[in-house]
Amino acid sequence: MSTPETTAASTTPTPPDLPIPPLPPKRKRRFRDRKDGRRVRNIDTIASLSPYLMKTRVGSSNYIADSVEITNMERYIRKKRQEGYKNFGAMHVFLASYVRTVSQRPAINRFVSGQKIYARNNIEVAMTIKKEMRRDAPETCVKMVFEPWETAEEIYQKIDATIAKEKDSANLDSSFDGLAKALRFIPGLLLKFVVRLLEILDYFGWLPKSLLSLSPFHGSLVITSMGSLGIPPIYHHLYDFGNVPLFWAFGAKRVAYEPQRDGTIAERRYIDYTLVTDERICDGYYYASALKYVKHLLKNPAVLSERPAEIIDDVD
């Protein structure tokens with residue numbers, strides 16, 4: 001995974017205490033549900049068969065590239081920084097747009113495990129951070145849980161606090177790093193068996209909840225910024241281990257000079273981004289609707305400082 005933009009610890013204002021919209025009723029866990037998601041039963045036949053016909057996430061990946069004009073985004077970022085959100089940037093806008101989209105298009109937060117489709121219980125996002133922007137600086141993976149009603153300011157606070165905590169540690173070791181170090185001491189042949197055992201346990205939904213909460217391979221989204229590296233976004237593959245259905249990468253800002261109707265040339269600024277998606281979790285029409293919505297939010301980020309009017313629940 002590539003390294004996203006990261007922030008240092010900062011003192012930020014308290015976001016406005018906005019009323020939370022009505023929430024869907026909580027569902028009881030049923031037979032064949034998992035610890036991290038509930039089985040989606042009300043789907044069409046083709047969708048229910050697709051995990052058997054396309055067995056892996058890599059083999060089920062779709063690759064999407066797009067760009068967004070960032071005049072409004074840059075204005076919004078400047079405003080947030082003036083309000084005291086010192087390190088507010090594009091990463092926070094992208095993540096807030098994703099969280100808001102999940103609140104309105106919940107099927108993009110599904111996942112496939114054990115050849116079945118599940119609706120995830122939480123919005124769990126993973127990213128990789130470096131302690132310093134040097135080639136030899138240590139890096140780690142962090143994972144955060146967001147609520148579907150959260151505003152951009154609240155999401156900023158969670159990201160800022162998480163990254164500050166990791167950067168303040170001496171070795172930049174997250175909880176997952178501790179697990180990875182333990183696995184590293186297992187001899188290669190035995191480690192292959194252990195990983196296979198974990199895959200089998202995961203297939204049947206028997207992995208401990210504590211392990212699921214640590215694993216960056218189990219979650220809603222992995223997001224990465226190439227902007228801090230000054231390069232275009234990559235197409236990052238999905239992982240066959242785990243169940244993450246979406247990888248989102250965005251690149252450095254770029255300038256384009258575009259001819260206007262009156263013959264003049266206008267300067268426009270863009271951010272390019274790519275998505276790699278697991279096509280089995282929802283159909284193309286639904287994906288298109290979600291992508292249009294997220295782009296609308298990226299172009300009009302001021303709405304991310306407000307609560308959504310409602311939280312839409314996934315189908316049964």
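Structure data summary
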{"item": "Residue with peak Gaussian network fluctuation, the chain [Cα springs, cutoff 10 Å], from L189, L201, L298", "result": "L189"}
{"item": "Contact order relative to length of the chain, as percent, for alpha carbon pairs under 8 angstrom and 6 or more apart", "result": "32 percent"}
{"item": "Percent carbon-and-sulfur accessible area, the chain, ignoring ligands, DNA and RNA, probe 1.4 Å", "result": "56 percent"}
{"item": "Qualifying chymotrypsin sites (Phe, Trp or Tyr not before Pro) for the stretch 178-278 [loop in DSSP, other Cβ within 10 Å: at most 14]", "result": "F185, F204, W206, Y235, F241"}
{"item": "Square roots of five times the Cα gyration tensor eigenvalues for the stretch 190-239, Å", "result": "30, 13, 9"}
{"item": "In the stretch 223-316, the trypsin sites (Lys or Arg not before Pro) that fall in loop regions by DSSP, at most 14 other Cβ within 10 Å", "result": "R261"}
{"item": "Convex hull per residue volume in Å³, alpha carbons only, for the chain", "result": "156 Å³"}
{"item": "Gain on full stretching of the segment that runs from E279 to I265 - 0.36 nm per residue minus C-alpha separation", "result": "1.1 nm"}
{"item": "Largest-first principal axis extents of the Cα set of the stretch 185-316 (Å)", "result": "69, 39, 28"}
{"item": "Among L246, L229, L275, residue whose mean-square fluctuation peaks in a GNM of the chain (springs only between Cα atoms under 10 Å)", "result": "L229"}
{"item": "Sites A252 and L197 - FRET efficiency at Förster radius 41 Å, r taken between beta-carbons, to 0.05", "result": "0.45"}
{"item": "If the convex hull is drawn through the Cα atoms of the stretch 208-268, its volume per residue in Å³", "result": "113 Å³"}
{"item": "Value of D in µm² per second that Stokes-Einstein yields for the stretch 56-140, Kirkwood Rh from Cα pairs, at 20 °C (1.002 mPa s)", "result": "131 µm²/s"}
{"item": "0 to 90° range, to nearest 10: angle between helix 284-299 axis and the chain longest Cα axis", "result": "40 degrees"}
{"item": "Approximate spin-label separation F204-E74, in nm, with each point projected 7 Å along Cα-to-Cβ", "result": "5.7 nm"}
{"item": "Long-range amide H partners of N121 with built H, under 5 Å", "result": "G37, R38"}
{"item": "Computed E for Q82/R184 - FRET, C-beta separation, R0 30 angstrom, nearest 0.05", "result": "0.05"}
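The values are calculated or read from the model by the stated rules, or taken from the named source; none is laboratory data. Everything numeric here is computed off the predicted structure, so don't read it as measured data. For neighbour counting, all protein chains shown are included, and Cβ atoms are generated from backbone atoms with ideal geometry for every residue, glycine included. Calculation scope for accessible area: heavy atoms of the full protein, side chains included, ligands and nucleic acids excluded. Shrake-Rupley method; radii C 1.70, N 1.55, O 1.52, S 1.80 Å.
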